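Just so it is clear, none of the values below were taken in a lab; they were calculated from the coordinates. What you see is a predicted model; the values in this text were computed from it and never measured. Using ideal geometry, Cβ is built from the backbone for each residue, glycine included, and neighbour counts are taken over all protein chains shown.
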Amino acid sequence: MNDTLVIIPTYDEKDNLDWIVGRTLDSGAAVDVLVVDDGSPDGTGALADAYAARDPRVHVMHRTEKAGLGAAYLAGFSWGLERGYDALVEMDADGSHHPEYLPGMLELLSDNDLVLGSRWVPGGEVENWPLRRELLSRGGSWYTRGALGIRVADTTGGFRVFRSSALRRIDLDRVESRGYCFQVDLLWRALQAGLRVVETPITFTERVHGASKMSGSIVRESLTKVTLWGLRRRSRAVVELVVRHRRLPSVRATSHRVGPVRRVQPH
Ligand SMILES: Nc1nc2c(ncn2[C@@H]2O[C@H](COP(=O)(O)OP(=O)(O)OP(=O)(O)O)[C@@H](O)[C@H]2O)c(=O)[nH]1
Ligand SMILES: [Mg+2]
């Protein structure tokens, strides 16, 4: 067993599976792979089984129905944490995330808890992405930054490396999001838990094979949730302000009660 587990969620990725798993194993990083397949109708799960049968570094988790990217990752995380991996990686199956970045990202984990592959820091870029998708992604990150008051350039990216001990500090049972909003949800919890988060530039390439599972309802879910978290954050800040303000008069009252300072005369 290697120390790092790369979790790859799949739904109908038969034309990408062998290619992405092979590249991951050849990336130069010593890793195991866990494919989390939600019963893909196109037979991705069976392909993953065939890979696992010829390479002991590859494991497969079969789930019965399409339950969303977040649910797949949560199941993958608990599988990896139970088995004692030191680092857990999130990576898409469609080739948008290049496994060749893994050695560098794992190196950054030596003094960080969470490494984010980032499209929107200097040096990061997207290849072959339609302008509409780029605007949506940049806009989403911009909105999330403002709503949550965080300084992360790429808040929605899904190429990430977690230190397992740090991931344990997040109460994963309480992560509400099961769809794509999961990425923001988890980042927000990581920051609130005080994890050391770093962004590193990546080139993100539009998928060549298969279809995207992104949809309008996914975007609406994210928008609603981020707005709600932002409002909660602001109301918490207002409550803290009120509590602090209330304390002030009592502090003043105490100092009044103490009365004039008695000077001790030196001999
Ligand atoms: N197990 C599982 N995997 C999923 C599910 N939905 C998406 N995935 C996988 O999650 C990864 C990301 O999904 P994509 O459809 O590529 O979505 P995206 O990368 O956010 O969007 P695009 O840029 O349009 O490709 C892929 O590996 C998918 O196969 C799901 O419900 N269950
Ligand atoms: Mg994709």
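Compute the orientation-averaged projected area for segment 118-223 from the convex hull of its Cα atoms and round it to one decimal in nm².
Working: hull surface 28.9 nm².
Value for segment 118-223: 7.2 nm².
Taking amide H positions as placed 1.01 Å from N in the peptide plane, with prolines and chain starts having none, which residues 5 or more places from Glu199, or on another chain, fall under 5 Å of its amide H?
Sorted by chain and number, the residues that satisfy this are Leu116.
Quickly estimate the mean residue ellipticity at 222 nm for the chain, helices only: each DSSP H run with n ≥ 4 gives -39500 (n - 2.57), and the total goes over all residues, rounded to 500. Can you show the working numbers first?
Values: 8 runs with 117 residues, N = 267.
Rounded to the nearest 500, the figure is -14500 deg cm²/dmol.
To one decimal place, what orientation-averaged projected area in nm² is obtained for the convex hull of the Cα set of the chain? Write down the numbers at each step before the final one.
Values: hull surface 82.3 nm².
If I average the Cα hull's projected area over directions, I get 20.6 nm².
Amide H to amide H under 5 Å from Thr10: which residues, 5+ apart in sequence or cross-chain, H placed 1.01 Å off N in plane?
Under 5 Å from the amide H of Thr10 lie the amide H atoms of Val36, Asp37, Asp38, each far enough along the sequence or on another chain.
Highest first, please rank the peptides 30-42, 124-136 by the mean number of other Cβ atoms sitting within 10 Å of their residues. Present the calculation step by step, with values, prior to reporting the outcome.
On the way: 30-42: 20.6, 124-136: 12.8.
Top to bottom by mean Cβ count within 10 Å: 30-42, 124-136.
Of all DSSP beta bridges in the chain, what percent run antiparallel (nearest 5)? Spell out each step's value before the answer.
Working: 7 of 31 bridges.
Around 25 percent of the beta bridges assigned by DSSP in the chain are antiparallel ones.
For helix 44-54, what angle does its Cα long axis make with the longest principal axis of the chain, in degrees from 0 to 90 and rounded to 10?
80
Helix 69-82: angle to the longest alpha-carbon principal axis of the chain, degrees 0 to 90, nearest 10?
So the helix axis and the longest Cα principal axis differ by about 80 degrees.
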